[in-house]
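Since the structure comes first, as structure tokens, the remarks are kept for the end.
The values are calculated or read from the model by the stated rules, or taken from the named source; none is laboratory data. Nothing here was measured: the structure is a model prediction, and the numbers come from that model. In this analysis, Cβ positions are derived from the backbone assuming ideal geometry, glycine residues included, and neighbour counts consider all displayed protein chains. Accessible surface areas use protein heavy atoms only, side chains included; no ligands, DNA or RNA. Shrake-Rupley method; radii C 1.70, N 1.55, O 1.52, S 1.80 Å.
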Amino acid sequence: MDERILKLKTDFEQKLAEAADLNGLDSLRVSYLGKKGSITALLKGMKELSVEAKRAFGADVNKLKEYAAELIEKKQEELKKKQIEREIRSMPVFDITAPSACECGSYHPITLVQRQCEKIFKSMGFTVEDYSEVVTDYECFESLNIPKHHPARDMQDTYYLENGQLLKSQTSAAQNAILRKYGPGLINNGTPIRAIFPGRCFRNEATDACHENTFFQMEGVMVDKDISISNLIYFMKTMLSEVFRKDIKVRLRPGFFPFVEPGFELDISCLICGGTGCPSCKHSGWLELCPCGMIHPNVLREGGIDPEKYTGFAFGLGLTRLAMMKYGVKDIRDLNSGSLKVLSQFTDDE
Ligand code: FA5
């Protein structure tokens, strides 16, 4: 092998042994194997050699190149391993059995009230369903008897994605899927549909003490033969008396939603001001909490259920407002504030 190649090889091996970290190793790689590196430079000096000598010299240089690249890669692995070991050694030691020095976290008041409602409805035979936050126009509006350009859409402006989907403005957006999921059981085995589906809703609207652009609702549906408004009122009353565990004033008044007929607004007397009027209830003394009604025949039909044979009720409980009333939070925006000072005060009263 040519003297120059042998010398370069020895030099390289010595420097490689000295490389103590990844940065040093990288500089070494550049200085030997880079475009202007010493091994590459050897090839440039081949011009004066005969064709045969060129072939032999070139082959030896290439061998050296491969040899150097292989050693560098090996060394790189070693150094990486050593670096990780060093980092592990320098990490603080945790005693996982030591008592915690930090305060325990707490559940968000909306989570608390949601869990409580789930427990109540589960005890009455309802299943709890999860549903996507991104839905189609069909799910959120059309399947609910709200065709395109229907004025009812004005009440629920939301955020649209470029692909035409939207952030759901109401948990009712899951109604069609739930009817389709449990409809066959109802039709074939006579098992009533009883489901609740809590979820986050989004509306492009101005915020105030009782309105947020992001809030939680909990939808509920029950479908069977002979379901009537009395069933609806029974379930609403049971839910409210279990959540508040004290007498609260409620009122039921007619309300329009294209997906129910008849439809109602269920309001509760504001528990912040005792019904005298304050910013939390827009000075009316009442808070709209849980609109509801008998599912419109078109919605049942769209969900694959024969409205001539079956009837059902649906409700859309405002969970965020329920948390406000239950825990005496005057301004709904505090619930989304992320402030631990506000949010860590609440506990489950189960
Ligand atoms: C609806 O969203 C209907 N989908 C409810 C429904 C379901 C009716 C099934 C009939 C049958 P509404 O827009 O009124 O209706 O909202 C329902 C509840 O969500 C309100 O009563 C209120 O408690 C809560 N809510 C509505 N908008 C907001 C908001 N911006 N901030 C906080 N809570 C809100």
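Annotations for the structure displayed:
- Looking only at segment 153-180, and only at residues there that are assigned to a helix (DSSP H, G or I) and within 10 Å of the ligand (Cβ to nearest atom), the one that is farthest from His211 (Cα to Cα): Gln175
- Test: Leu271 is open to solvent by 30 Å² or more (accessible area, probe 1.4 Å), outside any strand (DSSP E or B), on the phi < 0 side of the Ramachandran plot and within 14 Å of the ligand (Cβ to nearest atom): yes
- Phe264 meets all of the listed conditions (1) in a strand (DSSP E or B); (2) touching a residue at least 40 places away in the same chain (Cβ under 8 Å); (3) open to solvent by 30 Å² or more (accessible area, probe 1.4 Å) but one, namely (2).
- Contact map, segment 217-239: residues that are closer than 17 Å to Gly185 by Cα paired with residues that are aromatic (Phe, Trp, Tyr) and away from the ligand (no atom under 14 Å from the Cβ), Cβ distance under 7 Å, separation 6+ or inter-chain. Pairs shown: Val223/Tyr310; Asp224/Tyr310; Lys225/Tyr310.
- Residue among Cys210, Cys290 that is farther than 19 Å from Ala173 by Cα, assigned by TED's automatic domain parsing to the domain that holds Leu335 and within 14 Å of the ligand (Cβ to nearest atom): Cys210
- Residue check, Ser339 in contact with a Gly (Cβ under 8 Å, 6 or more places away or on another chain) and either at pLDDT below 95 or more than 30 Å from Glu139 (Cα to Cα) (or both): no
- Counting the residues of segment 213-236 that are touching a strand residue (DSSP E or B) at 6+ places or on another chain (Cβ under 8 Å) and either away from the ligand (no atom under 15 Å from the Cβ) or not in a strand (DSSP E or B) (or both) gives 12.
- Residue that is nearest to Ser132 (Cα to Cα) [pool: residues in segment 188-203 that are within 10 Å of the ligand (Cβ to nearest atom) and either of a type in the set (Val, Ile, Thr) or open to solvent by 10 Å² or more (accessible area, probe 1.4 Å) (or both)]: Phe202
- Some residue of segment 11-30 being surrounded by 10 or more Cβ atoms within 10 Å (Cβ to Cβ), of a type in the set (Asp, Glu) and in contact with a Ser or Thr (Cβ under 9 Å, 6 or more places away or on another chain): yes
- All positions within segment 301-325 that are within 13 Å of the ligand (Cβ to nearest atom) and either open to solvent by less than 10 Å² (accessible area, probe 1.4 Å) or part of a helix (DSSP H, G or I) (or both): Gly312, Phe313, Ala314, Phe315, Leu317, Leu319, Thr320, Arg321, Leu322, Ala323, Met324, Met325
- Lone unmet requirement of (1) open to solvent by 70 Å² or more (accessible area, probe 1.4 Å); (2) within 24 Å of Arg86 (Cα to Cα); (3) of a type outside the set (Gly, Ala, Ser); (4) in contact (Cβ under 8 Å) with a residue 40 or more places away in the chain for Tyr67: (2)
- Sole exception among (1) of a type outside the set (Lys, Arg); (2) under 30 Å from Tyr182 (Cβ atoms); (3) more than 8 Å from the ligand (Cβ to nearest atom) for Phe257, by number: (3)
- Close pairs (9 angstrom Cβ cut-off, 6 or more residues apart or separate chains): among the small types (Gly, Ala, Ser) in segment 9-35, part of a loop (DSSP other than H, G, I, E, B) anywhere: Ser27/Ala19; Ser31/Gly37
- Positions within segment 279-299 being more than 16 Å from Glu219 (Cα to Cα) and touching a residue at least 60 places away in the same chain (Cβ under 8 Å), in sequence order: Pro279, Ser280, Cys281, Lys282, Leu287, Asn298
- Only one entry of Gly285, Gly303, Gly316 meets the criterion of being at pLDDT 95 or above and either farther than 22 Å from Ala152 by Cβ or more than 31 Å from the chain's Cα centre (by Cα) (or both), and that entry is Gly285.
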